[in-house]
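Input: a single structure, listed below in structure tokens.
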Amino acid sequence: MSPDHPVDEATTARAVIDADGLLVEWNAGAERLLGHSAAEVLGRPAANLLADAGADGTAAPDRDRWDGVVTLRRRDGGTLPVWVLAHRLRCPQEGPDRWLVVTPLDPDGTRAHDDPLDDVSLLDSPCAMVIYDERLRVHSVNSVMAEVLDLPAENVRGLRTHEMTGMALGNDLEGRLHHVLTTGRGTAVRTYVPVGGDRTLSWLARIAPIRDTLGRVRGVSVAAHDFTEQHQAQKRLQLVNEASVRIGTTLDVTTTAQELADICVPALADFVSVDLLDPAEHGELPEGRPVAPVGLRRTAHKIIDSDGGGVGVVKPGQLDHYPATSPQADALLAGHTIVASDTTGDLDQWLSWDPQRADRIKEYGIHTSMSVPIQARGTTLGVAVLSRFANRQAFSPDDVLLAEEVTARAAVCIDNARRYSRERETALALQRSLLPRSLPRTAALEAASRYLPAARSGVGGDWFDVIPLSGMRVAMVVGDVVGHGIQASATMGRLRTAVRTLADIDLAPDELLTHLDDLVVRLSEEAGTDGVSGEVGATCLYAVYDPVSRRCTLARAGHPSPVMVPPGAGPVEIDLPAGPPLGLGGLPFESAEVELREGTVLALYTDGLIETRERDIDASHALLCQALAASSHSLDETCDRVLHTLLPPGGVADDVALLVARTQGLPASRVATWDIPSDPALVAPIRKQVVEQIERWNLTEATFTAELVVSELVTNAIRYGTHPIRLRLIHDATTLICEVSDTSHTAPHLRRAKTYDEGGRGLLLVAQLTQRWGSRHTADGKTIWAEIGLLGET
């Protein structure tokens with residue numbers, strides 16, 4: 001016996017048997033009891049020590065604890081009937097389960113008649129009582145403790161705490177006993193003691209020293225009060241509170257379902273699967289209870305082990321159909337929780353529809369399962385199946401109530417996430433319908449675009465567009481409506497439509513923004529009359545590029561300036577007058593004109609691209625220039641590189657619109673220009689020069705139409721316009737454009753001549769013979785233009 005600890009190993013016969021029935025531990029008490037030394041028995045079958053040769057010593061009982069009388073064989077050949085207590089030792093880290101087998105011994109062979117422990121009258125207490133001697137061996141237990149332990153009171157005398165309860169060697173309770181024995185000061189402790197199977201008692205224990213008449217400590221008494229029910233209720237309440245915090249941290253259905261599985265393992269089950277119904281085409285779940293077979297998609301599952309293995313036959317994201325006899329369908333069809341176990345036989349019947357699942361259940365040793373419907377706001381969302389195999393206890397009614405409470409909380413979060421996802425998809429669909437599905441192919445430039453909605457706020461009011469204009473020119477626009485949601489998307493759609501309408505009448509960029517500003521002011525006034533809080537605001541950048549002159553005119557309303565990358569040069573921000581944001585009203589806008597060499601890359605974007613929490617605007621602008629500077633022929637690759645460089649991987653806080661374009665120039669050989677004298681007699685020579693130019697372009701099929709259009713437009717300019725007058729022909733791959741310019745600001749209009757009118761038919765003929773025609777105002781006057789389609793172009 002150690003001087004530091006009063007434990008005498010010889011007072012208990014103790015052995016450990018492994019899963020193969022071999023003896024792996026043998027203490028001095030066991031040698032004293034049977035006479036066999038450790039060297040003689042270790043590594044040998046424990047069955048060799050049984051006096052009954054027909055007994056199977058390797059067959060472990062089904063329970064986790066067993067006690068009874070067995071007849072053992074002594075070394076001298078004799079036999080000895082002995083009461084033994086066996087505990088199953090579950091140590092997953094050390095391999096298969098082992099068995100601890102103990103029996104108490106009387107080290108002296110006799111009991112002292114003057115033992116002060118025999119005079120303790122506390123054993124009559126209604127509390128569970130146990131008395132330990134100076135060696136921390138059980139001296140006696142009262143009837144309440146014997147009933148709690150489910151062991152004969154006379155047989156546990158001499159056992160240590162871990163031998164009697166199956167607790168780990170050197171447990172906290174035994175340490176407290178030793179402290180009270182050596183110090184003589186009592187203490188109170190909460191302890192959790194396994195008493196067979198997976199049943200664990202929660203005790204509030206008062207440990208006190210027992211003294212003799214001389215005041216010497218001769219033992220320790222433990223008075224325990226069973227508060228298992230209160231402890232279990234506290235644990236259930238704690239789990240419910242934890243579920244309210246941990247479930248629903250995001251508005252993602254899959255994440256929320258996984259949080260439900262995580263919270264239940266291992267607190268409530270050893271394996272949990274969450275299967276949800278797929279929504280219909282428009283995101284709505286079918287009303288009422290499902291009809292078998294039920295199609296469910298595995299959304300999440302969780303198993304107690306952490307080695308990467310899993311019970312689930314169905315993989316996450318996989319859709320499977322369950323018949324009426326399955327755990328999933330049964331609970332959904334019944335509309336309430338269903339529990340099945342192997343003891344009642346209904347678990348095997350439950351799994352008979354799928355042999356693969358039944359084999360997996362037997363492989364893991366699942367003995368009880370519980371299916372809980374996931375329902376919220378009168379809608380069935382899916383089902384959660386909870387199973388136990390490491391925990392040997394079946395689900396109790398309290399476990400069912402707890403599972404239903406946690407699942408109900410998760411169901412509301414899943415329904416919220418589902419509704420949010422549906423509304424977000426609806427908003428994204430609206431946003432996508434309001435944005436251009438594809439960018440038009442023009443001879444002026446090639447373009448690529450990207451739009452990313454905000455990760456949390458959803459869709460917003462960012463938009464972009466590429467608008468073909470007359471004279472082969474093209475307009476580029478990027479805008480941003482303040483705010484997020486359906487209202488911002490709707491406002492964006494109205495502004496985009498207004499921009500296209502204003503662009504169609506060929507307004508200059510600064511004039512277009514002025515009209516757009518007036519529209520935003522009116523929208524703000526309408527929002528105020530409708531009782532909607534907040535004003536409508538927006539920013540916009542509008543640019544017009546002419547491939548003939550290779551010049552670009554730009555104006556902005558509170559929007560970031562674009563970045564251009566000339567061929568063979570580095571990125572540079574175009575210096576533009578800032579301009580006020582749209583919606584302030586009454587403030588002027590200014591435009592600027594820059595020359596763009598052929599092959600220049602322009603990047604137009606909204607502020608969501610450069611305004612992030614991770615860095616300031618200057619740092620973001622530097623990264624944007626760095627991404628644009630990397631040579632790439634593909635504009636789509638350029639867009640992807642810009643987004644990858646500037647945006648965080650977890651999503652953006654604000655929506656982002658990006659438009660990247662590469663300019664193209666029209667060769668001078670495709671443009672012909674004439675200055676027209678103010679003499680109607682010279683129209684015929686001009687017409688002849690036009691025909692010769694068309695023949696040089698090998699566009700003879702357009703000669704007749706071109707002659708008529710040129711004759712009409714030039715004649716009108718001479719008759720109604722102001723000198724100087726200029727005629728320009730532009731040959732595109734698919735069109736021939738005729739433009740006549742003069743310095744008069746009076747615009748022509750189409751009218752129908754009456755039967756006897758001598759005029760009024762010219763523009764009508766032009767409209768009938770051409771693809772489209774129109775007029776645009778310039779700083780010096782106006783231009784009348786018409787586009788003739790080419791069928792056999794070369």
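The table for this structure:
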| quantity | calculated |
| --- | --- |
| Some residue of the stretch 259-268 being under 30 Å from TYR132 (Cα atoms) and crowded, with 21+ Cβ neighbours inside 10 Å | no |
| Which listed residue, of LEU333, LEU347, is in contact (Cβ under 8 Å) with a residue 12 or more places away in the chain, buried (at least 20 other Cβ atoms within 10 Å of the Cβ), touching a strand residue (DSSP E or B) at 6+ places or on another chain (Cβ under 9 Å) and outside any loop (DSSP other than H, G, I, E, B) | LEU347 |
| Within the stretch 652-672, considering residues that are out of contact with any Pro (no Cβ under 9 Å at 6 or more places or on another chain) and either of a type in the set (Gly, Ala, Ser) or loosely packed, with under 13 Cβ neighbours inside 10 Å (or both), the one modelled with the highest pLDDT | ALA661 |
| The stretch 408-443, residues that are over 30 Å from VAL385 (Cβ atoms) and either of a type in the set (S, T, N, Q) or within 19 Å of the chain's Cα centre (by Cα) (or both) | THR426, ALA427, LEU428, GLN431, SER433, SER438, THR442 |
| Number of the exception - CYS625 against (1) within 19 Å of LEU452 (Cα to Cα); (2) of a type outside the set (Phe, Trp, Tyr); (3) in contact (Cβ under 8 Å) with a residue 40 or more places away in the chain; (4) in a helix (DSSP H, G or I) | (1) |
| Criterion: more than 29 Å from the chain's Cα centre (by Cα) and of a type in the set (D, E, K, R) - qualifying residue of GLU446, GLU405 | GLU446 |
| Among the residues listed as ALA454, ALA498, the single one being at pLDDT 90 or above, surrounded by fewer than 20 Cβ atoms within 10 Å (Cβ to Cβ), not aromatic (Phe, Trp, Tyr) and not assigned by TED's automatic domain parsing to the domain that holds LEU251 | ALA498 |
| Unmet criterion (only one of (1) surrounded by fewer than 21 Cβ atoms within 10 Å (Cβ to Cβ); (2) closer than 22 Å to ILE303 by Cβ) for THR256 | (1) |
| The stretch 635-653, residues that are without any contact (Cβ under 8 Å) to a residue 24 or more places away in the chain and part of a loop (DSSP other than H, G, I, E, B) | PRO649 |
| Strands (runs of 3 or more DSSP E) wholly inside the stretch 507-603 that include at least 1 residues being surrounded by fewer than 23 Cβ atoms within 10 Å (Cβ to Cβ) and hydroxyl-bearing (Ser, Thr, Tyr) | 551-557, 591-595 |
| Checklist (1) within 26 Å of ARG550 (Cα to Cα); (2) of a type in the set (A, V, I, L, M, F, W, C); (3) outside any loop (DSSP other than H, G, I, E, B) applied to LEU666, failing item | (3) |
| Checking GLN626 against (1) surrounded by fewer than 20 Cβ atoms within 10 Å (Cβ to Cβ); (2) under 24 Å from VAL474 (Cα atoms); (3) not β-branched (Val, Ile, Thr), the condition it does not meet | (2) |
| Residue within the stretch 400-421 that is over 27 Å from THR256 (Cα atoms) and either at pLDDT below 85 or hydrophobic (A, V, I, L, M, F, W, C) (or both) present | no |
| Breaking point among (1) touching a Lys or Arg at 6+ places or on another chain (Cβ under 7 Å); (2) of a type outside the set (Ser, Thr, Tyr); (3) modelled with pLDDT under 85, for LEU541 | (3) |
| Selection status of GLY583, assigned by TED's automatic domain parsing to the domain that holds ASP465 and under 29 Å from HIS515 (Cα atoms) | yes |
| Residues (surrounded by fewer than 20 Cβ atoms within 10 Å (Cβ to Cβ) and assigned to a helix (DSSP H, G or I)) located in the stretch 147-172 | GLU147, VAL148, HIS162, ASP172 |
| Qualifying positions in the stretch 350-385 - farther than 16 Å from ARG289 by Cα, in a strand (DSSP E or B) and over 23 Å from the mean Cα position of the chain (by Cα) | THR368, SER369, MET370 |
| Subset of the stretch 691-747 that is assigned to a helix (DSSP H, G or I) and among the charged types (D, E, K, R) - its residue that is surrounded by the most Cβ atoms within 10 Å (Cβ to Cβ) | GLU712 |
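The values are calculated or read from the model by the stated rules, or taken from the named source; none is laboratory data. Since we're looking at a predicted model, the values are computed, not measured. Using ideal geometry, Cβ is built from the backbone for each residue, glycine included, and neighbour counts are taken over all protein chains shown.
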